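Asker: Can you read through this structure? Questions will come right after.
Every number here is computed from the coordinates shown, using simple stated rules; none is lab data. Note that this is a predicted model, so its numbers are computed, not measured. Here Cβ is always computed from backbone atoms with ideal geometry, including for glycine, and neighbour counts include all displayed protein chains.
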Amino acid sequence: MENNIFFETLKKEDINQYSNMINNVFDEFVGKDYSEEGNNIFKNFIKPNNILDRFKNELNKFFVAKYNNEIIGVLEIKNNDHISLFFVKTEFHGQGIGKKLFQNYMETIKDNNSIKIISVNSSIYAEKIYSKLGFNKTSEIHEKCGMKIVTMEYRI
């Protein structure tokens, strides 16, 4: 299966699929830890028209993993240095897809000396995953707009 997985940047015509995949994984793992307000804010953030708005900003980067032309993993970067979305479909967990998405992003910024820290507001579920990638906690679990998060950072 691994040979059939490929990595690329998001294409405009894939935004609906990108949104749907995130929504499904969010519902399965993250949404239960958020209040109704947090769920509503997140669901609004991943609406295709809002993704398209972010897509148009050149400081934002969108990486995807595909299997049989279906998006199975996403990594969205805001302002070159903040992870705003990072999801892998359940049946592809544990196969290194998230790690490869992160490595692809790191490759794009390797010559950018102005980026020293990459930040993320991790869900409770994803904290272990970010730790494996080399992120360190900068806060304990707290609630922000109805979302339970742990702020973390990766020092380059």
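Asker: Determine which member of the set Leu85, Leu101 is surrounded by 15 or more Cβ atoms within 10 Å (Cβ to Cβ), outside any strand (DSSP E or B) and among the hydrophobic types (A, V, I, L, M, F, W, C).
Answerer: Leu101
Asker: Just to be sure I understand, how many residues within segment 46-74 are surrounded by 15 or more Cβ atoms within 10 Å (Cβ to Cβ) and in contact with a Ser or Thr (Cβ under 9 Å, 6 or more places away or on another chain)?
Answerer: Total meeting the criteria: 8.
Asker: Another question, then. Within segment 18-29, is even one residue touching a Lys or Arg at 6+ places or on another chain (Cβ under 9 Å), of a type in the set (Gly, Ala, Ser) and under 24 Å from Val150 (Cβ atoms)?
Answerer: The answer is no, given that none of the residues of segment 18-29 is touching a Lys or Arg at 6+ places or on another chain (Cβ under 9 Å), of a type in the set (Gly, Ala, Ser) and under 24 Å from Val150 (Cβ atoms).
Asker: For Ser122, only one of the following conditions fails: (1) more than 15 Å from Asp33 (Cβ to Cβ); (2) surrounded by 19 or more Cβ atoms within 10 Å (Cβ to Cβ); (3) in contact with a strand residue (DSSP E or B) (Cβ under 6 Å, 6 or more places away or on another chain). What is its number?
Answerer: (1)
Asker: Given the criterion over 27 Å from Ile5 (Cβ atoms) and within 17 Å of the chain's Cα centre (by Cα), identify the matching residue among Ile97, Ile71, Ile149.
Answerer: Within the list Ile97, Ile71, Ile149, the selection yields Ile149.
Asker: Take the residues in segment 48-63 that are without any contact (Cβ under 8 Å) to a residue 24 or more places away in the chain and not in a loop (DSSP other than H, G, I, E, B), then tell me which one is farthest from Lys78 (Cα to Cα).
Answerer: Among those residues, the one meeting the criterion is Asn49.
Asker: OK, next. Given (1) within 12 Å of the chain's Cα centre (by Cα); (2) assigned to a helix (DSSP H, G or I), identify the lone condition not met by Thr108.
Answerer: Among (1) within 12 Å of the chain's Cα centre (by Cα); (2) assigned to a helix (DSSP H, G or I), the lone unmet condition for Thr108 is (1).
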